[in-house]
Structure formats: C-alpha cells, structure tokens
1. If I go through region 202-214 residue by residue, how many of them are touching a helix residue (DSSP H, G or I) at 6+ places or on another chain (Cβ under 9 Å) and buried (at least 17 other Cβ atoms within 10 Å of the Cβ)?
2. For region 11-64, name all the residues that are open to solvent by less than 80 Å² (accessible area, probe 1.4 Å), under 22 Å from ASP149 (Cβ atoms) and not in a helix (DSSP H, G or I).
3. Scan ALA112, ALA186, ALA138 and give me the residue that is at pLDDT below 95, open to solvent by less than 60 Å² (accessible area, probe 1.4 Å) and over 21 Å from GLY80 (Cβ atoms).
4. Quick one: in region 133-170, of everything that is touching a Lys or Arg at 6+ places or on another chain (Cβ under 8 Å) and hydroxyl-bearing (Ser, Thr, Tyr), which residue is farthest from ALA45 (Cα to Cα)?
5. How do the pairs read when you match residues in region 154-168 that are charged (D, E, K, R) with residues anywhere that are surrounded by 16 or more Cβ atoms within 10 Å (Cβ to Cβ) and not in a helix (DSSP H, G or I), using Cβ under 6 Å and keeping only pairs 6 or more apart or on different chains?
6. Which residues, counting only those in region 123-151, are over 25 Å from ILE4 (Cβ atoms), in contact with a Leu (Cβ under 7 Å, 6 or more places away or on another chain) and of a type outside the set (S, T, N, Q)?
Amino acid sequence: MITIGSEPAPDQLAALSRARLPVVVVDPLNLPDTPVTSVGATNFAGGLSATRHLLDLGHRRIAYLGGIADAACNQARMHGYRAAMEAAGVPVPAEYVRTSGFRYPDGETGGAALLDLRLPPTAIFAASDGSALGAMQAARARGLRVPEDLSVVGFDDTEVAVMTSPQLTTVRQPLREMGGIALRTALRLAAGEKIESRHIELATELIVRGSSRAAGP
C-alpha cells in the first residue's frame, strides 16, 4: 500500500500489519513515528536554496509564508529559510513568518496580511506552489506587480507553476522519482526483503522562472 501525505491511523496500521500488507508513505507531512517506510524530499535544503536565491537578488525584506504550522515538512522549509537569513546576517521580524496552510486561499490570506504590514516584504518564499499563487493574487489586488514590486518563490514545482503569468520560480520536488522509489520499495517489502532505511530523502532543485527578480532601489 502506498499513501500520499500522511501515514494511516494506528488502528489502520494494525489492520494492515495483520493482513501483512506493507505501507510506504510518499511526501509525508510528518515523519512517521511508527515502523512505516516513507519517501520524501530535502525540505530544509529546499528552503535554504529558495531564500539564498532571493538574498542573491538583493532582497533583505524576505517573508516566509508557511503551511500547516506543526507539519514537519513546513518546519524544515522554515528552518532552511531562517538558516539562510541568519547566515546572511539579515534579521527576521516576527511578523514576516506566517503559517496557515498549503492551499491557494491560505496564500491569498497570508500574503494579504504580509503586504498590509507597515513595512511589507519585497519578496515572499511560500511553502507550496498553491500558497505562492495565492500570494501573487494578493499582490495584484493591491496594485503590485510580480516580480517588479514583489518577488515570489514557491515549493513543489507542480504543473500550475508554469500556468501562471509570470511563471513561478519554485523548489522542485522530484515527485516522479519519489513515486518510483515508493513503488519499488513497496514491492521489496512485499517480497520480504530487508529495507536499508525507513526514510528516504531525494534532493530538491531550485527552478528559476519569471516570478523573481533583483530587488529595486
């Protein structure tokens, strides 16, 4: 059995164990605390590379628009953001870090709150493509242009990243490769083979498109 996003509940796991049905979780919100194999991406490194990209473009007022606050993947992306900002010697105001969810409406609401600050950010790193697009819409609603007035970077590189104008700069998760490894791992477990690691992480990659540019004067 392959699940996406979160592991089955304890009673479900018990039933699957009795049925001798192995479980592999793809892109878990949280690392499983039960003996379940999972396949994810390097979320910390992705957050680090996204924020470094914005810093390299000259931005210093960079906000983090996070997903579900207690989700491990969100925490890792946020820590990557904070690590890049700290390494660059750039302070992070408390109001520049917001968490709510990974969906478009979450990004629209969170982006509006960030852009309505007395000193709004010039760049937003969002924890998902959906929330990044929501933030872009919040900017447009305020008469701001992306990327001329606001740079935006997302996370995932889903198909919607190239369907917007401008196309979204984002951190690519190797979703196809993650699915392939999950399937091969599930087949190995079903065959009774020993798995070397219960959690496998694949490298992320920053994909630069049109939603980010050098900071203005």
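The values are calculated or read from the model by the stated rules, or taken from the named source; none is laboratory data. Owing to the predicted nature of the structure, the values given are computational and were not obtained by experimental measurement. Glycine also receives a Cβ, built like all others from the backbone with ideal geometry; neighbour counts cover every protein chain displayed. Keep in mind that these areas ignore ligands, DNA and RNA; they rest on the heavy atoms of the full protein, side chains included. Shrake-Rupley method; radii C 1.70, N 1.55, O 1.52, S 1.80 Å.
1. Residues flagged as touching a helix residue (DSSP H, G or I) at 6+ places or on another chain (Cβ under 9 Å) and buried (at least 17 other Cβ atoms within 10 Å of the Cβ) within region 202-214 amount to 5.
2. Answer for region 11-64, where residues must be open to solvent by less than 80 Å² (accessible area, probe 1.4 Å), under 22 Å from ASP149 (Cβ atoms) and not in a helix (DSSP H, G or I): LEU57, GLY58, HIS59, ILE62, ALA63, TYR64.
3. Result: ALA186 is the single residue among ALA112, ALA186, ALA138 that is at pLDDT below 95, open to solvent by less than 60 Å² (accessible area, probe 1.4 Å) and over 21 Å from GLY80 (Cβ atoms).
4. Looking at the filtered set, the residue picked out is SER151.
5. ASP156/SER128; ASP156/GLN173; ASP157/THR170; ASP157/ARG172; ASP157/ILE207
6. The initial filter retains those residues of region 123-151 that are over 25 Å from ILE4 (Cβ atoms), namely 123-124, 136-151.
Those left that are additionally in contact with a Leu (Cβ under 7 Å, 6 or more places away or on another chain): 123-124, 138-139, 142, 144, 150-151.
Of everything in region 123-151, those that are over 25 Å from ILE4 (Cβ atoms), in contact with a Leu (Cβ under 7 Å, 6 or more places away or on another chain) and of a type outside the set (S, T, N, Q) turn out to be ALA123, ILE124, ALA138, ALA139, ARG142, LEU144, LEU150.
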